[in-house]
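Have a look at the structure below before the remarks.
The values are calculated or read from the model by the stated rules, or taken from the named source; none is laboratory data. Please read all numbers here as calculations on a predicted model, not as lab measurements. Reconstructed Cβ throughout: ideal geometry from the backbone, glycine too, with neighbour counts over all protein chains shown. For the accessible areas, the whole protein counts, side chains as well, though only heavy atoms, and no ligand, DNA or RNA atoms are used. Shrake-Rupley method; radii C 1.70, N 1.55, O 1.52, S 1.80 Å.
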Amino acid sequence: RARGDAEVIAKAMDWNGVTEMLDVGSGPASYPIALCQRFSDLHAKIFDLPGTLVITRSFVHQAGMQERIDLIAGDYRKDPIPGSYDLVFLSNIIHGEGEQDNAALVRKLASNLKLGGRLVVKDHILDDSRTTPPVGAIFSLLMLLTTESGRCYSFSEIKSWMERAGLRDVQRVDLPAPLTSSLVIGVT
């Protein structure tokens, strides 16, 4: 929260018409809380592991957002994700997963979008050489060393997952410094 990531994302995208949002793997609910505080018509659902949601619930309660943020327990790797949404948000998840698992997750999440809905992936997005930006390349090395099959991915790779899942108009939005990540957005 100290870096203001959610505030930057609120300004980096058009939120008109977004009333139902799903945040997959939200952790402490930083994005849904800040976005619901900023946009009075927004309601969010968080899909995360049951143990994580114990902590998430306390953050949602502290923010007084329990009427606008619902929690759904599950594992995105194996459980179905209920609901249909205007926007599905996936932040800092794909770098911990392998390419095939990410492609399957994007396909799964695309099926949760309403017509005209958007899938938003926030992460370190590399160029096709996978060597720049430097922060992302270094983080990718860390993921290669500390996960089974994770790494940072290029825009081209993420775009191909989205297009194979039936999403269109895939674009990249670089977030301003001090943030070092980008958004990749695909539309149903």
Charge tally for neighbours of Arg172 with beta carbon under 14 Å away, counting Lys, Arg as +1 and Asp, Glu as -1, is -4
Below 8 Å, C-alpha to C-alpha, sequence gap of six or more: please give me the relative contact order for the stretch 115-176 in percent.
26 percent
Please give the per residue accessible area of the chain, computed with a probe of 1.4 Å over protein heavy atoms only, in Å².
48 Å²
Can you pull the accessible area of Lys78 for me, 1.4 Å probe, Å² to the nearest 10?
150 Å²
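Ordering Arg68, Arg130 by how much accessible area each has at a 1.4 Å probe, largest first, what is the list? Write down the numbers at each step before the final one.
Details: Arg68 50, Arg130 110 Å².
The most accessible residue leads, giving Arg130, Arg68.
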Please give the FRET efficiency for Leu142 paired with Val8, using the beta carbon to beta carbon distance and R0 = 30 Å, rounded to the nearest 0.05.
0.85
Taking the chain as the reference, fit the longest principal axis to its C-alpha atoms, fit the long axis of helix 155-164 to the helix C-alpha atoms, and give the angle between the two in degrees, 0 to 90, nearest 10.
60 degrees
Bridge type composition, the chain - antiparallel percent by DSSP, nearest 5
35 percent
What do you reckon, how do His43, His95, His61 stack up by accessible area (1.4 Å probe), largest on top?
His61, His43, His95
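In the chain, what percent of the accessible surface is made up of carbon and sulfur (1.4 Å probe, ligands and nucleic acids excluded)?
Here carbon and sulfur together make up 53 percent of the probe-accessible area.
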